Amino acid sequence: MMKKILYIANGNSIHDVKWISFFSDQIDSYCCYLICDTLCDLSEQTRKELAEKNIQILPQIAPFSITSPLRTLRAIRQFKKVIKEIEPDLVHVLFAAPNALWLNFTKIPSIITLRGSDILIVIPGLLKQKGIKSIYFNVLFKMFNKAFLAAISVTGTSWTQIDNAKALFEGSKLALIRTGVDVSKISEIKQPELIPDSLRDNEFVFSPRFMSPIYNIELQIEAISKLRKEILNRYTFVFIRGKQFDQHYYQEQVQKLYVLKEEINLNYIIFDYLDQSSMWMFLKKASLCIMTPISDGTPNSALEAMAAQCPLIVSNLNYDKDLFEGTCIKLKTSESSELAETIELALENYPNDFIEKGYVQVLALGNRELEMKKLENLYKS
């Protein structure tokens, strides 16, 4: 019997679409609907891509806000109307804050999936508010608590997320399900034409996370400014702006890079966006991959780097040891001087056993096929 699943998610999120498309591709078993809030700007191209993946896009609803009660009441009515019309068997929330709040207005069985900053920063932050604001933030927290306890399962993509959810919402049913990556496809892809001419014959260092504040791109740029001249002469530094980005932050980083180009002859390229296949080819061609977020779950970009057997540097965050211990270089601090030294070390003497172990671990613990089967078992239950 075909299951109808309503996803409350972001149609622009690569990770959300990966989860949904695993099921929407099974057209004889699942009918998948997607509802986004109005802050999610879906381009015509994105809508076309979602349709090609058999994902049915529903009219968007206004974001949940206690401070805009009339707008929120209209959105609640719209949400209830959608539930009544499509009668889903399951509602699956991808990224808890604020999406999980909608679960307070339906009795349909639900699953909440944590992504990182939702459970590590946003929801805990509600309890830290002072003064008059603390009143409605406490109301929001109680609404999250009700949604988490009612869900048939709350999944996290890292053990840190699971631990945080356990501490905040005692009694919720928790499961580790990572997004996972297509390890075999990454290993087998051979499309050198996806590497542009400007990089095809050049060595480059790749920063695959978008140019947003949470990914701490300014730390990377500051570290680059401290690299030895021979490193700067040899390598091009590659960044991705991303589809959705903070315009002010992005312009600040672009200006810093421009200044470095003038002062130290820095070679850099910023791409607006890379599709999935291009991202994989960039990782296979790159001499080094760097990611320095200030908050994270289990980053797919890191897993893809391991699957592509690309040397990798990650932040000094509490990443899962089963995946990130002895498989990449992990920073000890968030100091640019340490990152600069680590970049030079990685480019000159990256441990081969890290690459070998990284591939083995991502095959076993970060494989999309295996992880989505875990989720499918939850759906079937």
Which value, in debye to the nearest 20, gives the size of the charge dipole of the chain about its Cα centre, when Lys and Arg are +1 and Asp and Glu are -1 at the Cβ? 1700
Could you give the angle, 0 to 90 degrees to the nearest 10, between helix 247-264's Cα long axis and the longest principal axis of the Cα atoms of the chain? 0
How far is helix 133-150 tilted, in degrees, relative to the longest principal axis of the Cα atoms in the chain, given as a value from 0 to 90 rounded to the nearest 10? 80
What is the local net charge at Asn316, summed over the other residues whose Cβ is closer than 15 Å to its Cβ (Lys, Arg +1; Asp, Glu -1)? -3
Net charge near Ser225: determine it from the other residues with C-beta under 9 Å of the C-beta of Ser225, scoring Lys and Arg +1 and Asp and Glu -1. 0
From the cross-link list Lys81/Lys107; Lys330/Lys373; Lys4/Lys380, the entries with a Cα-Cα span beyond 19 Å are Lys330/Lys373
Cα gyration tensor of the stretch 171-323, axes a ≥ b ≥ c as square roots of the eigenvalues: rounded (a/c below 1.5), prolate (a/b > b/c) or oblate? oblate
Once Rh for the stretch 65-184 is found with the Kirkwood sum over Cα pairs, what is the Stokes-Einstein diffusion coefficient at 4 °C and 1.567 mPa s, in µm²/s? 85
Checked the chain with the C-alpha gyration tensor, a ≥ b ≥ c its square-rooted eigenvalues, rounded below a/c of 1.5, otherwise prolate if a/b is larger than b/c and oblate if not; verdict prolate
Could you compute the net charge surrounding Ser337? Neighbours are other residues with a C-beta less than 15 Å from the C-beta of Ser337; K and R count +1, D and E count -1. -3
Probe of 1.4 angstrom, ligands and nucleic acids ignored: what's the accessible area per residue over the chain, in square angstrom? 46
I'd like the carbon and sulfur percentage of the solvent accessible area for the stretch 301-381, probe radius 1.4 Å, heavy atoms only, ligands and nucleic acids excluded. 47
Let me know the charge dipole size of the stretch 1-109 about its Cα centre in debye, to the nearest 20, where only the beta-carbon of Lys, Arg (+1) and Asp, Glu (-1) is charged. 480
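One-quarter of the Cα convex hull surface for the stretch 189-245, in nm²? Don't skip to the end; give the middle numbers.
Values: hull surface 20.4 nm².
Spelled out: convex hull of the Cα atoms, projected over all directions, averaged, 5.1 nm².
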Taking Cα atoms only, helix 69-86 is inclined relative to the longest principal axis of the chain by an angle, in degrees rounded to 10, of 80
State the percentage of accessible surface on the stretch 57-141 attributable to carbon and sulfur atoms; use a 1.4 Å probe and exclude ligands, DNA and RNA. 61
Counting only protein heavy atoms, what percent of the accessible surface of the stretch 183-268 is carbon or sulfur at a 1.4 Å probe? 46
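The values are calculated or read from the model by the stated rules, or taken from the named source; none is laboratory data. None of the values given here were measured: they were computed from a predicted structure. Positions of Cβ are backbone-derived with ideal geometry, glycine not excepted, and every protein chain shown enters the neighbour counts. Ligands, DNA and RNA are stripped out before the accessible areas are found, and what is left, the full protein with its side chains, is counted by its heavy atoms. Shrake-Rupley method; radii C 1.70, N 1.55, O 1.52, S 1.80 Å.
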